[in-house]
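The values are calculated or read from the model by the stated rules, or taken from the named source; none is laboratory data. These figures come from a predicted structure and were not determined experimentally. Cβ placement follows ideal geometry from the backbone for every residue including glycine, while neighbour counts extend to all protein chains displayed. Only protein heavy atoms, including side chains, enter the accessible area calculation; ligands, DNA and RNA are left aside. Shrake-Rupley method; radii C 1.70, N 1.55, O 1.52, S 1.80 Å.
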Amino acid sequence: MNREPLFGLETGFISKQSANLIRAYLQRRYDIGDSMVSLKSSPSPLYPGLELISDKGKSSLKTGLVVGSIRMGYGHHRMALSVYSHSLQKKIPTYLHDLLAIESNESKAIADIDQGYSYFSRLSAEIGGPVEWIWGQLMSQGNLTSLELSCQLADLYKGLMGGISLDSPVITTYPLNGQIAVASGFKKVVHLICDNFPQYYLLVPGALNLVQSPSSYTKFIEMGVPKENLSVAGHWVSEDILKNAITDSEDRVRRIDSKKNRRFLIPIGGAGAQKGYILDLIRITKDSLIDKKLSYWINTGDHSKVFSAIEEYLIFQKIPYLTVRSWEDLSLFIKKHPLRSDDSETSPPVVLFHFHTHTEAFSATDRLIRIADVLVTKPSELAFFPLPKLFIRRVGDHEAASVLRSLELGEGTVECREPIHAKELIQIFCDSDDLLLRMNESVIKNTLEGIYSGSKNAVEMIESQLG
C-alpha cells in the first residue's frame, strides 16, 4: 500500500500555499485543531445491531467495523447503508460514524460548507441557465489542489475520531472521513468512491480506494493513482436490494406481461433540488395520472417545504393522492403493494411520502425500490441501483458520467434535461413493453456478473480483520 501523502503526487507552490492559507483561515475562524471529543455510542432506532457514534452516546466504543459517512444530502448516508446492511447481516459489530452527529467546532465548520453546497444545488436546479452551468463547472473541478486542502483539513479534524480503537477497520463513503482516519493512524481504511467521474478530491491517500466501474478505475490510474491503492469493487447497493435483485426483476417482467399499472418512484434528493421539475412533470402528465395509466410515488424525504408544495399543487390540480408520513405506515404500504399486485383500482395515482428524520427519509427510498417498476432520479448514487431508471436533470456536471455508466449496462435512459422529455419516455414505458423488458433483462445479467456487489465485496475485504 502506498502511504505517501497525495500518493507521492505534487501540487504546485501556489496551490500548496493557497491550501495553507485556507487551512489557517478555517482554523482561526472555528478554533479547530486542538480539541479531542469524547465519543460513545447509542443503538440505532431503525437498524438493530447498528451503533451510532456521537458525543452524546451512552456506551463505550469497542473494536468493530466503523462506517464513516456524513449527512451531506442523502447520497453518502445511502452508501453507508449499503455497507452496514451487509455487515449487520454477517453479524459484524458495526458503528456508524457521521461527522455531523458530533457537536464540536470541527463539525460546525464542515456543516457550514454543506449548507452552502445544498443552497447552490437548489439554486442551480431551480434557476438553470448560467447558474446551473457555473455550479456544474465547480462540481467537476476536483483537482489535486482540492485534495491537498482536504487532507490538510483532515489533520485538523482528527479529534472527531478520538477514542475509537485504531484496530477497528474503517470503511468510508465520504473522502474527508477516510482522510481523517488515515491521519489518525487507523491500520485498515477502505474508501468507497461515489459517482463515476474521477476527481482527485474524491480519493483517500493511504487507503484502498474502491470504484464502481472499470472506466473510473482506468481514469484514476491515468491520473497517477498507484494500482495498490485502487480496485474495482462494483456498485454500492444494500443487502436486501442486492439479494432480491433477480427475483424482483422477474416480478417486474411478470407485471409487464400482465399489463399492470406502471409505478414510477420519484425520490427528492437530499438538497431538495428537484421540486420545480417534479411539479412540471405532474402538470404535463396529469391526464395519464387521472386515467390511472401510471402512478407516481414521490418520496419528499424530510423536506417539509417540498412536501407542502407538492401537496398543495395536487389539491389545486384536483389529482387524487395518498400521504404516508411514518415508518410504520410505510411498512404497511409496502406490505399492501407487492410487485405482484395491481393497485390501479385501489390506490390513488399519486402517493406522497414524508418523514421526520434524515435516516427514515433516505431509507424509505431503498425500501420502495423493491416494489417500483421504474426509478425516476437525478444521476446520483441511485444511478447505480439494480432496476430500470429514468434520469432527470443532473445537479452538477460530474453526474453526467453516472448516466453513461447506466446506459452502458442497459438499465437506464438518457438524461432528460426538461420535463417534456421525461414525459415522452414515461409514455414509452407505459405504451410499449420492449424498453422495460430489455432493462430488466440487463439487470438480471448484471446481477449474475456481480456488477451490483460492490458494498458486499467491501465488507468481505475487512471481514478477516475482525475474525
| said: Go through the range 74-100 and report how many residues are open to solvent by 20 Å² or more (accessible area, probe 1.4 Å), part of a loop (DSSP other than H, G, I, E, B) and farther than 20 Å from Ala233 by Cβ. | reply: 2
| query | Arg283 fails exactly one of the following numbered conditions: (1) modelled with pLDDT under 95; (2) of a type in the set (Lys, Arg); (3) more than 19 Å from the chain's Cα centre (by Cα). What is the number of that condition? | reply | (1)
| remark: Within the range 187-208, the residues that are open to solvent by 10 Å² or more (accessible area, probe 1.4 Å) and among the polar types (S, T, N, Q) are Asn196
| Looking only at the range 286-322, and only at residues there that are of a type in the set (Gly, Ala, Ser) and free of Cβ contacts under 8 Å to residues at least 60 places away in the same chain, the one that is least open to solvent (accessible area, probe 1.4 Å) | Ser295
| So how many residues does the range 45-73 have that are surrounded by fewer than 17 Cβ atoms within 10 Å (Cβ to Cβ) and assigned to a loop (DSSP other than H, G, I, E, B)? | 10
| query | Consider Asp343 against the criteria (1) without any contact (Cβ under 8 Å) to a residue 60 or more places away in the chain; (2) in a loop (DSSP other than H, G, I, E, B); (3) touching a strand residue (DSSP E or B) at 6+ places or on another chain (Cβ under 8 Å): it satisfies all of them except one. Which criterion is unmet? | reply | (1)
| request: State whether one or more residues within the range 356-375 are over 18 Å from the mean Cα position of the chain (by Cα), open to solvent by 40 Å² or more (accessible area, probe 1.4 Å) and free of Cβ contacts under 8 Å to residues at least 12 places away in the same chain. | output: no
| task | Give the residue, chosen from Arg283, Arg325, that is among the basic types (Lys, Arg), open to solvent by 40 Å² or more (accessible area, probe 1.4 Å) and out of contact with any His (no Cβ under 6 Å at 6 or more places or on another chain). | result | Arg283
| field | Residue within the range 237-260 that is of a type in the set (Gly, Ala, Ser), at pLDDT 95 or above, open to solvent by less than 40 Å² (accessible area, probe 1.4 Å) and assigned to a loop (DSSP other than H, G, I, E, B) present | value | yes
| said: Contact list please: Cβ distance under 6 Å, first residue in the range 78-90 and at negative phi, second residue open to solvent by less than 10 Å² (accessible area, probe 1.4 Å) and part of a helix (DSSP H, G or I), pairs at least six apart or on different chains. | reply: Arg78/Phe362; Ser82/Ser455; Val83/Ser455; His86/Ser455; His86/Val459; Ser87/Val459
| field | Residue satisfying all of: in the range 384-412; in contact (Cβ under 8 Å) with a residue 40 or more places away in the chain and small (Gly, Ala, Ser); surrounded by the fewest Cβ atoms within 10 Å (Cβ to Cβ) among these | value | Ala400
| remark: Scanning the range 415-440 for residues that are in contact with a helix residue (DSSP H, G or I) (Cβ under 7 Å, 6 or more places away or on another chain), free of Cβ contacts under 8 Å to residues at least 40 places away in the same chain and not in a helix (DSSP H, G or I) gives Glu415, Cys416
| Is there a residue being in a loop (DSSP other than H, G, I, E, B) and more than 30 Å from Ile70 (Cα to Cα) anywhere in the range 350-359? | no
| request: Report, by residue number, each residue of the range 289-334 that is assigned to a loop (DSSP other than H, G, I, E, B) and under 17 Å from Phe264 (Cα atoms). | output: Asp291, Lys292, Lys293, Thr300, Gly301, Ile319, Pro320
| Considering only residues of the range 354-380 that are out of contact with any Lys or Arg (no Cβ under 9 Å at 6 or more places or on another chain) and of a type in the set (D, E, K, R), which is nearest to Gly412 (Cα to Cα)? | Arg370
| message | Among the residues that make up the range 449-467, is at least one of them touching a strand residue (DSSP E or B) at 6+ places or on another chain (Cβ under 6 Å), in a strand (DSSP E or B) and modelled with pLDDT of 95 or more? | response | no
